[in-house]
Amino acid sequence: MTDSIRIGIIGAGAVSDYHHVPGIDLDPRAELAAICDPNSELLAQRQSDWGKTKASTKYEEIAEDPEIDAVIIATPNFTHHEIAMACIRGGKHVMCEKPLGLNYTESAEMYRAARDANLRHMTAFTYRFAPSMRYVKHLVESGALGTPRHFRSQRFLDWPESSWGWRQSKKLAGAGDLFDMTIHRIDFAQDLLGPIKSICGAVAQFVPRDKTAEGQPCEPSEVDDWSSLIGQFENGAVGVWEGSTLMKGYHNDGFGYEWAEVNGSEGSAAYQLTDPNNILIGKPGQTMEKLPVPDEFLVIEGSPRKPHEGVPSTVFRYDLAYEFVSAIVEERDAIPGFDHGASAQLVADSVLESFEKRTWIDIQCDL
Ligand SMILES: NC(=O)C1=CN([C@@H]2O[C@H](COP(=O)(O)OP(=O)(O)OC[C@H]3O[C@@H](n4cnc5c(N)ncnc54)[C@H](OP(=O)(O)O)[C@@H]3O)[C@@H](O)[C@H]2O)C=CC1
Ligand SMILES: O=C1CO[C@H](CO)[C@@H](O)[C@@H]1O
């Protein structure tokens with residue numbers, strides 16, 4: 001390995017530009033060494049946006065390239081398993097977007113392959129890195145909230161009812177809001193309160209999404225527009241989750257309304273994606289109070305990002321790349337790993353099973 005970690009980005013669409021490349025650019029220990037996307041026009045555009053790197057339309061070339069140390073997979077969901085397995089076979093450390101696979105079987109296989117090859121693996125569960133989320137975790141772990149009794153999360157957005165492209169095909173996306181949005185919240189709930197042991201879930205489709213944004217007819221959506229679950233954690237706490245991108249008026253500069261809270265025997269703490277450098281704290285008998293997140297929680301330890309610079313609801317996302325590179329340099333597990341991705345996937349799969357069978361499902365994770 002050279003001094004600098006040479007990273008290949010596979011999939012040069014929206015998320016690569018928004019989270020991953022700015023994160024790599026900030027980290028002096030890493031360099032963007034290659035980009036890969038089947039769309040050669042986009043590749044040319046990215047070469048001009050991001051600087052001269054190797055470019056390829058075939059992920060196999062990146063997977064086999066001895067001059068690439070690590071990859072970030074930012075492609076549509078149905079490609080994650082195939083691309084990750086090829087990169088692991090090629091000896092690359094892998095960060096992969098969520099949902100890790102199209103189902104638990106795929107995700108667990110990715111986890112076992114990376115673990116057995118002694119490679120670093122990371123699932124891009126972005127919201128774990130929000131400052132207020134990191135502070136809620138500290139409050140839970142330090143016992144400041146007492147015994148955790150209850151978790152609640154809600155992500156509502158007011159997005160167009162037109163086609164979501166690949167995101168509305170079951171074969172390409174797996175599920176709709178559940179795999180796209182709620183899976184993040186399943187992950188951070190387990191990060192805060194530990195494993196979920198049992199759930200009861202439901203999904204619904206609100207609109208056909210059979211027109212493109214330009215008004216042209218297209219294949220109707222096969223996936224959910226709303227997902228929800230209630231659940232019990234192994235530690236005895238209970239939780240409730242809900243998400244949809246079709247909630248009118250929930251616009252808020254594109255970030256919508258995301259609220260997540262932990263209620264304990266001694267207090268409550270709530271994170272909001274729209275205001276991630278502040279936290280809401282509830283103490284017994286008092287009205288909830290908004291407080292700034294202490295400075296030491298604004299960035300992850302060592303991150304070159306300036307804590308008070310940039311748009312707060314965007315810049316925390318750059319810490320994902322920092323964590324991935326740190327894990328490679330320090331030869332330790334990246335957090336969240338593929339095991340966390342697979343575990344959240346099992347819960348999300350169980351929501352679909354629960355709804356289909358109209359019953360509670362016990363979660364049995366065999367990682
Ligand atoms: N963690 C987070 O907060 C976020 C996560 N995501 C996740 O990131 C992933 C990508 O989403 P997003 O960026 O919005 O999607 P986009 O559709 O904007 O971008 C995906 C890109 O990957 C390309 N691609 C498709 N197949 C391959 C392949 N085999 N090899 C290389 N590139 C390929 C696509 O090309 P083409 O269009 O020509 O097929 C497209 O350019 C999804 O899994 C999504 O769930 C997305 C947003 C935020
Ligand atoms: O959190 C997220 C923000 O929105 C994206 C587009 O729907 C999701 O894919 C992503 O996981």
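None of the figures in this text is laboratory data; all of them are computed from the coordinates on show. Note that this is a predicted model, so its numbers are computed, not measured. No Cβ is skipped: glycine too gets one built from the backbone with ideal geometry, and neighbour counts run over all protein chains shown.
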Checked the range 80-207 against the a/c 1.5 cut and the a/b vs b/c comparison, axes a ≥ b ≥ c from its Cα gyration tensor; verdict oblate
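Loop only per DSSP, at most 16 neighbouring Cβ atoms within 10 Å: give me the trypsin sites (Lys or Arg not before Pro) in the range 1-108, ordered by residue number.
Those that pass, being in a loop and sparsely packed, are R29, K52, K58.
From the C-alpha gyration tensor of the range 246-367, pull out the three semi-axes of the equivalent ellipsoid (sqrt of 5λ each), sorted largest to smallest, in whole Å.
Over the Cα atoms of the range 246-367, the semi-axes work out to 28, 25, 17 Å.
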In terms of Cα to Cα distance under 21 Å, which lysines are near enough to K92, apart from those fewer than 8 places away along the same chain?
K54, K58
Please give me, ordered by residue number, the chymotrypsin sites (Phe, Trp or Tyr not before Pro) of the range 196-290 that lie in loop per DSSP and have at most 16 other Cβ atoms within 10 Å.
F206
Roughly how many Å is it from the Cα centre of the range 98-176 to that of the range 197-218, as a whole number?
20 Å
Residue by residue, what Karplus-based ³J(HN,Hα) values in Hz, rounded to whole numbers, does the range 356-367 have, using 6.51, -1.76 and 1.60 with θ = phi - 60° and x for Gly and Pro?
4, 8, 6, 8, 6, 10, 7, 8, 10, 8, 10, 5
How about the range 262-367: which GluC sites (Glu not before Pro) there are in a DSSP loop, with at most 10 other Cβ atoms within 10 Å of their Cβ?
E301, E309, E331
Go through the range 324-336 residue by residue and turn each phi into a ³J(HN,Hα) via Karplus (6.51, -1.76, 1.60, θ = phi - 60°); whole Hz please, and just put x for glycine and proline.
4, 5, 4, 4, 5, 5, 8, 6, 10, 5, 7, 10, x
Could you line up M288, M110 from fewest to most neighbouring Cβ atoms inside 10 Å?
M288, M110
Give me the distance in nm between label points sitting 7 Å out from Cα along the Cα-to-Cβ direction at E331 and T314, one decimal.
3.9 nm
Per the range 205-261, sqrt(5λ) over the Cα gyration tensor eigenvalues, sorted largest first, in Å, gives 31, 16, 7
Mean separation of Cα contacts under 8 Å (6+ apart) over length of the chain, as relative contact order %:
21 percent
Hull volume in cubic angstrom per residue (convex hull over the Cα atoms of the chain):
138 Å³
Would you give the gap between the C-alpha center of the range 308-334 and the C-alpha center of the range 224-251, rounded to a whole Å?
27 Å
Under the Karplus relation 6.51 cos²θ - 1.76 cosθ + 1.60, θ = phi - 60°, what is the ordered set of whole-Hz ³J(HN,Hα) values for the range 207-214, x standing for Gly and Pro?
9, x, 6, 9, 9, 6, 4, 8
When the Kirkwood hydrodynamic radius is evaluated over all pairs of different C-alpha atoms of the range 160-318, what value in angstrom, to one decimal, is obtained?
18.1 Å
What number comes out for the charge environment of A30, summing +1 per Lys or Arg and -1 per Asp or Glu over other residues with Cβ under 10 Å away?
-2
